[in-house]
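Peer 1: First the structure, which I've put down as structure tokens, then a few questions once you've had a look.
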Amino acid sequence: MFNYLCKNIFPSLAALFFTQSIMSQDIIKQQSCDGNPYQSTIDSVKQYFSAQGFSVMREASMTMESEYEMPIVLPMTQGTWYQFIFIGDPTSRLYEVRMYDWNERQVVYKKNMWGDVDGNIISYAYIPKFSEYHMIKPVQVNKNKKKLCGYVLLLKRTQGAPESK
């Protein structure tokens, strides 16, 4: 009887217990912002990079919390030229983007402060050395707002694009 309980009942109860505890934890989920306060900026950025031979692969508005990173996982192909753009709330005082490869090595770090020339927009080019998933973690810090809107764009250089100057 004891062997039956150990082999059949206890593992089921343990699985049920752990499933409940995992499901009750807070999960970071990407949620879009209400409306899009950056639409004119986004349209300008897309137009500029389109003229440079880039096409939009992914884009999303996202609700962010001040001082908390919003992880974004994307597959990237070796040797492909990508352009990543993050647009943060114009009233935030700090904007950062870190990008990690599959081995969790930081491959990009960009930081802007309120009042910098680039202001609330961080943009960088990246050509991966390996075809693998990368994690991009934008964050912004705002003293007056807890919930913030952010926008991310991932563009890819298309075939036959004009050479950069």
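Peer 1: Can you tell me the length gained on complete extension of the stretch Glu59 to Ser40, counting 0.36 nm per residue apart and subtracting the Cα distance?
Peer 2: Fully extending the segment from Glu59 to Ser40 adds 5.4 nm.
Peer 1: Figure the gain on full extension for Asn144 and Gln106 (residue separation times 0.36 nm, minus the Cα-Cα span) and round it to one decimal in nm. List each step's numbers first, then the result.
Peer 2: Working: separation 38, 0.36 × 38 = 13.68 nm, distance 2.99 nm.
My answer for the length gained is 10.7 nm.
Peer 1: Additional query: Relative contact order for the range 31-119: what is it in percent, counting Cα pairs under 8 Å that are at least 6 residues apart?
Peer 2: After rounding, I find 19 percent.
Peer 1: First select every other residue whose beta carbon is under 12 angstrom from the beta carbon of Asp89; then total the charges, Lys and Arg +1, Asp and Glu -1.
Peer 2: Every neighbour counted, the sum reads +4.
Peer 1: I would also like to ask the following. Pairs of lysine in the range 39-157 with Cα under 21 Å and at least 8 positions apart or on different chains: total?
Peer 2: Taking the range 39-157 as the scope, the lysine pair count is 17.
Peer 1: Between the range 108-151 and the range 49-65, what is the separation of their alpha carbon centroids in Å?
Peer 2: If we compute the Cα centre of each part, the gap is 13 Å.
Peer 1: Could you pull out every residue, at least 5 positions away or on a different chain, whose amide H is within less than 5 Å of the one on Leu94? Hs are placed 1.01 Å off N in the peptide plane, and Pro or chain starts have none.
Peer 2: Trp114, Val141
Peer 1: Charges only on Cβ, +1 for Lys and Arg, -1 for Asp and Glu: so what's the dipole of the range 39-157 about the Cα centre, in debye to the nearest 20?
Peer 2: Around 40 debye, computed over the range 39-157.
Peer 1: Which GluC sites (Glu not before Pro) does the range 58-165 hold that lie in a coil by DSSP with at most 10 other beta carbons within 10 Å?
Peer 2: Glu104, Glu163
Peer 1: Please give the length that would be gained between Ser32 and Ala51 if that part of the chain were fully extended, namely 0.36 nm times their separation in residues minus their C-alpha to C-alpha distance (nm, one decimal).
Peer 2: Gain on stretching Ser32 to Ala51: 4.1 nm.
Each value in this text was obtained by applying a stated rule to the coordinates, not by laboratory testing. Remember, it's a predicted structure, so these values are computed and weren't measured experimentally. Methodologically, a virtual Cβ is constructed for each residue, glycine included, from the backbone with ideal geometry; neighbour enumeration extends over all protein chains shown.
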